[in-house]
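One structure is given below, encoded as structure tokens.
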Amino acid sequence: MKEVIEEKVYAGRRLDENEALFLYQSADLGWLGELATYVREKKHGKNTYFNRNFHIEPTNICIYTCAFCAFARRPGEEGGWEYTLEEIEDICRGYVGKPVTEVHIVGGVHPKRGVEYYGEMIQRIKRILPHIHVKGFTAVELKVMFARSRMSIEEGLAALREYGLDSIPGGGAEIFHPDVRKQICDTKASTDNWLVIHEAAHKLGIPSNCTMLYGHVENYFHRVHHMNLLRELQDRTGGFNTFIPLKFRHENNELSHIQEASVIEDLKNYAVARLFLDNIPHIKAYWPMIGKPTTQLALSFGVDDVDGTIDDTTKIYSMAGAEEQSPAVTTAELVHLITRAGYRPIERDSVYNILNDFSVVAA
Ligand code: V47
Ligand code: SF4
């Protein structure tokens, strides 16, 4: 099996599900890193991308109760927040004149807010920051938003695009296999819902990202099944920019008894993703989740993107025990982190156009 896989990777041929399973179960880490680096460098050389972005989490009030989530509160429960549109405008005013290019909007699934509300939010954001790229709303949020506004998926997406939505983040995918989904997020958007929404977005020309929440109750078979569904969708549309493995963090949620994955497991997961997802251009290590040292290591295991410079407005991970409790980093720090790992820091926009090559500055 090892020889066959090696031959396929160097010939640029696709690995099948059994081979991916073998990589998870039996491959040693050094070899995985070598193969993943070969693919990563073939696609991107030493380029390592980041962008300058900030997060808005409009609310943590959520109609669902996913077992892994430390962020959400039920309507009326203590600890819930919901920003007004004016408060969101105030957040945006804080970025006027700063070189941010993207806002990532993600939050709980609010019981009352529909397309018109979020559409107005996008319009107000763009009035204050006219050039900002709005990456907003997971498929889970979108499904409920469209139902509330009595719109089909296509109508809802077209309306949001009209309001100014530019792309869709990858959240809400978790693990697609029904045996796992039943245990960790039984009631929210199904696998089918998630895939159909992303496919419809791609067909309307709205790009998106995709994720996989790993290191909880799933096994390697479930991860391969998950990535295979993403790869099949990508074959049909080509609309995914980036795959982001999200490491399960175990504080303050119903799955706190589960030990978190080791760094070895994180690196292995990045490498297998790089090798299996041959049609998704980028693999992102979300640094606030795994911390800066693991992010540096991940660059030698298939990762070519480290997300952005983010102020400490994101709570989804800090509430679940992420490495970075106040995940803000300056551009200079990110450039340093990438350069010290032996790679070339490149600032990108949200769809991977190159904005600045910092290797020239850093050299
Ligand atoms: O779907 C929630 C995850 C996701 C926990 O598209 C947790 O660029 C680990 O998808 N431990 C939402 N993960 C955020 C998301 C994302 C993040 C960064 C970049 C992009 C992008 C998308 O956060 C959820 C869920 O999978 N999550 N709780 C937890 N305890
Ligand atoms: Fe709600 Fe999302 Fe948390 Fe699930 S993961 S409870 S949908 S905020």
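The values are calculated or read from the model by the stated rules, or taken from the named source; none is laboratory data. In this text the structure is predicted, and so the values were computed from the model without any measurement. Backbone-built Cβ (ideal geometry, glycine too); neighbour counts: all protein chains shown. With ligands, DNA and RNA removed, areas are computed over all heavy atoms of the protein, side chains included. Shrake-Rupley method; radii C 1.70, N 1.55, O 1.52, S 1.80 Å.
Taking the full set of protein chains and a 1.4 angstrom probe, give the accessible area of Arg124 in square angstrom, rounded to the nearest 10.
Accessible area of Arg124: about 40 Å².
Taking 0.36 nm per residue of separation and subtracting the Cα-Cα distance, what length does fully extending Trp31 through Val217 add?
On the way: separation 186, 0.36 × 186 = 66.96 nm, distance 2.66 nm.
Contour length minus Cα-Cα distance gives 64.3 nm.
Under 5 Å between amide H atoms, partner at least 5 residues away or on a different chain: which partners does Phe68 have, H built in plane at 1.01 Å?
The list, which skips near neighbours in sequence, is empty: none.
What percent antiparallel are the DSSP beta bridges of the stretch 54-156, to the nearest 5? Can you show the working numbers first?
Numbers: 1 of 9 bridges.
Approximately 10 percent, going by the DSSP bridge assignments.
Quick one: which residues, 5 or more positions from Ile61 or on another chain, have an amide H under 5 Å from its amide H? H modelled 1.01 Å from N in the peptide plane, none for Pro or chain starts.
Hits under the 5 Å cutoff: Arg73, Trp81, Gly108.
Assuming 0.36 nm per residue, please report the length gained on full extension of the stretch Val263 to Glu86 beyond their Cα-Cα distance. Walk me through the intermediate numbers first.
Working: separation 177, 0.36 × 177 = 63.72 nm, distance 4.14 nm.
Gain on extension, Val263 to Glu86, equals 59.6 nm.
Taking all protein chains as present, what is the carbon and sulfur share of the accessible area of the chain, in % to the nearest whole number, probe 1.4 Å?
Working: 7140 of 14320 Å².
The C+S portion of the solvent-accessible surface of the chain is 50 percent.
So what's the gap between the Cα centers of the stretch 231-275 and the stretch 51-104, to the nearest angstrom?
23
Given a 1.4 Å probe and the protein chains all in place, what does the accessible area of Glu86 round to, in Å² to the nearest 10?
Accessible area, nearest 10 Å²: 100 Å².
How much accessible area per residue does the stretch 2-362 have, in Å², with a 1.4 Å probe? Let's see the in-between values first.
On the way: 14110 Å² over 361 residues.
I get 39 Å² per residue for the stretch 2-362.
For the full complex of protein chains and a 1.4 angstrom probe, list Lys292, Lys247 by accessible area with the highest value first. Please report the intermediate quantities before stating the final value.
On the way: Lys292 55, Lys247 15 Å².
If we order Lys292, Lys247 from most to least accessible, we get Lys292, Lys247.
Rounded to the nearest 5, what % of the DSSP beta bridges within the chain are antiparallel ones? Don't skip to the end; give the middle numbers.
On the way: 4 of 31 bridges.
Antiparallel: roughly 15 percent of the beta bridges in the chain.
Could you order His257, His226, His44 so the one with the most accessible surface comes first? Probe is 1.4 Å. Write down the numbers at each step before the final one.
Working: His257 140, His226 0, His44 25 Å².
Ranking His257, His226, His44 by accessible area, largest first, yields His257, His44, His226.
Let me check against my output: what whole-number percent is the relative contact order of the chain, with C-alpha pairs under 8 Å and at least 6 apart?
On the way: 684 pairs, mean separation 81.6, N = 363.
With pairs under 8 Å counted, the relative contact order is 22 percent.
Can you tell me, using C-alpha contacts under 8 Å and at least 6 residues apart, the relative contact order of the stretch 99-219 as a whole percent? Each step should come with its number before you reach the end.
Values: 156 pairs, mean separation 33.9, N = 121.
Over the stretch 99-219, the number comes to 28 percent.
Using only helices, what value at 222 nm comes out for the chain when you add -39,500 (n - 2.57) per DSSP H run of length 4 or more and divide by the total residues, to the nearest 500 deg cm²/dmol?
-13000 deg cm²/dmol
Simple spin-label model, 7 Å along Cα-to-Cβ: Leu355 to Gln183 in nm?
Going from the Leu355 label point to the Gln183 one covers 4.1 nm.
Convert each backbone phi in the stretch 122-131 into a coupling constant with the Karplus relation 6.51 cos²θ - 1.76 cosθ + 1.60 (shift: θ = phi - 60°), then list the ³J(HN,Hα) values in order as whole Hz, x for Gly and Pro.
Karplus-based 3J(HN,Hα) across the stretch 122-131 equals 4, 4, 5, 4, 6, 5, 7, 10, x, 9 Hz.
Quick one: 3J(HN,Hα) in Hz for the stretch 169-179, Karplus 6.51/-1.76/1.60 with θ = phi - 60°, rounded, Gly and Pro as x.
x, x, x, x, 6, 6, 10, 6, 4, x, 5
5 Å is the cut-off here: which amide hydrogens, built 1.01 Å from N in the peptide plane, fall below it relative to His55, excluding neighbours closer than 5 in sequence?
Close amide H contacts, sequence-distant or interchain: His104, Asp311, Thr313.
Whole-Hz Karplus ³J(HN,Hα) for the stretch 25-31, in order, using 6.51 cos²θ - 1.76 cosθ + 1.60 and θ = phi - 60°, x for Gly and Pro?
Computed from phi, the couplings for the stretch 25-31 are 7, 10, 7, 8, 4, x, 5 Hz.
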